[in-house]
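Read the structure below first, then the notes.
The values are calculated or read from the model by the stated rules, or taken from the named source; none is laboratory data. Keep in mind that this is a model prediction, so the values were computed, not measured. FYI the Cβ positions are ideal-geometry reconstructions off the backbone, even for glycines, and counts take in every protein chain you see. Heads up: the accessible areas ignore ligands, DNA and RNA and are worked out on the full protein's heavy atoms, side chains in. Shrake-Rupley method; radii C 1.70, N 1.55, O 1.52, S 1.80 Å.
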Amino acid sequence: MLVLFAACSAAAKSAAAKSAAAKSAEFRSIVWLLVDDLRPQTYSYGQGEMWTPNLDALARESVVFERAYCQLTVCSPSRNSFLTGRRPDSLRVWNFETHFRETTRNAMSLPEYLKRWGYETFGSGKTFQPNKPPEYDGKRSWDHYLPLVKNQTWCSRKYRQKQLDVCPEPRIPERQFMDRAIADYSASKIEKAKRPFFVVAGFYRPHLHWVMPQKFYDLYDDVDLKALEFSKRKPRDMPDVAWTNEGCHTLTTQATGTHVIDMNVPLADDVTSELRRGYFACVTWIDYLCGRVLEKTPDDAIVVVSSDHGFHLGEQASWTKHTLFELSARVPLMVRAKGLLEPRVQHTQFVELVDVFRTVVHLAGLPPPPDTAVQGTPLFFDDRARKNFSYALTQYPRCPRGGSIRETNCKRVPGNKIPVMGYSLRVDGYRFTEWYRWTPALAIEPTAPPVATELYAYHEDRLADFDALEVKNIAKDHPCAVPHFRAALHLAVLSCQHARGGGGGGGKDDCDAALARIVGRASRIVETRQSSASCAPNEQTNLQH
């Protein structure tokens, strides 16, 4: 009987595998160009300083999302989130201490789901954070993988024993750079694949340090890089908890030496210009490598371009990420699906990286994953497109120690020991952020006062002007509006981010509708400049915390 059962079971598995393989021929291949630390600063985003001809050409064939945001503004938890289609609070992954395989047993990764449907899956470089999960999730997610080798990303020289952060390399051949290996590997797998495939090119640059072949640095010899004027200092009335230099305490260049990153002392214009040149040169280098991959990509493949989070280049006196400001949370996101999507720039809709999983599954023609495993909503359902309200939710932990702003890094702190969490709600015209004393069990205790409150107003038609963002925290100027924004944030964190459904009715749609009403009320109060004297009693708030 046991032998018969085993034989039947093996036959059933074999038949299921053959059925999946036959069905997979109907599905579209998918290529994801995943670029670490990339800002939405290409020509397609209204910018002109960086030279990115390959990404610009792709953008002309794609839907370009102007208002796309990550869910947590550092590499490992962000990648765990969007590669599983689940939010950090759902995964219980907020830093580098753990990963989704340890915390959330019913989670599945996007490549794992595609493998179940007969895809060949190939990853390279930095898809998941190295070792989070181990071996980039190994055979559960990938048929084959080219790991990131970090000693291929270091500068060959130093400045007074310090690693250079801007390092054009005149003598190292291109083929010795890790990112070139990632591009060549991805192009080769695309070219040789015989059935629907999923290829992720996980480019490491423009992550620090900015090391690139000399010729890409030289492209910016005669480029006048615009100096920051309004945003090079921390925002006025910003609470200290909002700022950090945990990404880099110092930055070093051959031309200007080593400089301490301090929220009260912005870097000099010539230093900022040299650092920005290094970043821009790295982006141009990666654009060239994206072109090599795109040359081999079939026209009918779905192509996704994104980062894992945003990046500061001196704005808000900040460098790298790790904040809840716009430039840390906002990411580039474009999707090409010829024959399915009309190229356009999507100005109005807020979208999130957590939506990418369901979006590519939907576009590829696959059945949707179960709600119990994957959150997010497909970006191109008609019902979603007709919505007149959308938002983005981003979070970041803080672990202050000894009263020092330099010591707030939660990178290796167990999740149940994180003392402070910031949540930021991005809606049309505004970003509302509050920092809370936090436990994973509660997330937010609605009756407890926040550690700090921030409210920033935006001109949505000027998002390309990075120098105009978050110059002043206006929370104290609008005490009547803050309770409504706070109620909206609480609803988003405690209910809407966990609600099921979306794009087709159900719990999430109902939650979002309630959120829209609250945010609408808050926005009208700000726009009419309602004074604290005219607040209704239940609209007054104490902002001294």
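Observations
- Of the helices (runs of 4 or more DSSP H) lying entirely inside the stretch 71-127, not one is found with 2 or more residues being small (Gly, Ala, Ser), more than 19 Å from the chain's Cα centre (by Cα) and buried (at least 23 other Cβ atoms within 10 Å of the Cβ).
- Test: residue 470 is modelled with pLDDT of 95 or more and at positive phi: yes
- Restricted to the stretch 151-169, and to residues there that are open to solvent by 30 Å² or more (accessible area, probe 1.4 Å) and in contact with a strand residue (DSSP E or B) (Cβ under 8 Å, 6 or more places away or on another chain), the residue that is nearest to residue 37 (Cα to Cα) is 154.
- Across the stretch 283-331, the qualifying residues are those that are among the β-branched types (Val, Ile, Thr) and in contact with a Lys or Arg (Cβ under 7 Å, 6 or more places away or on another chain), and the one among them that is surrounded by the most Cβ atoms within 10 Å (Cβ to Cβ) is 286.
- From 193, 181, 187, residue being more than 17 Å from residue 275 (Cβ to Cβ), touching a Lys or Arg at 6+ places or on another chain (Cβ under 7 Å), of a type in the set (A, V, I, L, M, F, W, C) and in contact (Cβ under 8 Å) with a residue 12 or more places away in the chain: 187
- Hits in the stretch 34-49 (condition: in contact (Cβ under 8 Å) with a residue 40 or more places away in the chain and open to solvent by 10 Å² or more (accessible area, probe 1.4 Å)): 44, 46, 47, 49
- Of note, residue 127 satisfies the criterion of being in contact with a strand residue (DSSP E or B) (Cβ under 6 Å, 6 or more places away or on another chain), of a type in the set (S, T, N, Q) and closer than 30 Å to residue 418 by Cβ.
- Taking the criterion of being among the hydroxyl-bearing types (Ser, Thr, Tyr) and modelled with pLDDT under 90, the residues of the stretch 391-408 that qualify are 404, 408.
- Members of the stretch 465-499 found to be part of a helix (DSSP H, G or I), farther than 18 Å from residue 436 by Cβ and open to solvent by less than 30 Å² (accessible area, probe 1.4 Å), listed by number: 466, 467
- When each of 354, 345, 420, 413 is tested for being modelled with pLDDT of 90 or more and buried (at least 20 other Cβ atoms within 10 Å of the Cβ), the lone residue that passes is 354.
- Residue in the stretch 384-391 that is closer than 28 Å to residue 95 by Cα and in contact (Cβ under 8 Å) with a residue 24 or more places away in the chain present: yes
- Strands (runs of 3 or more DSSP E) enclosed by the stretch 210-276 - at least 2 residues per element that are surrounded by fewer than 14 Cβ atoms within 10 Å (Cβ to Cβ) and of a type outside the set (Ser, Thr, Tyr): 257-260
- Of the set (1) closer than 30 Å to residue 104 by Cβ; (2) under 20 Å from the mean Cα position of the chain (by Cα); (3) not aliphatic (A, V, I, L, M), all apply to residue 430 but (1).
- Test: residue 190 is outside any loop (DSSP other than H, G, I, E, B), touching a Pro at 6+ places or on another chain (Cβ under 9 Å) and not aromatic (Phe, Trp, Tyr): yes
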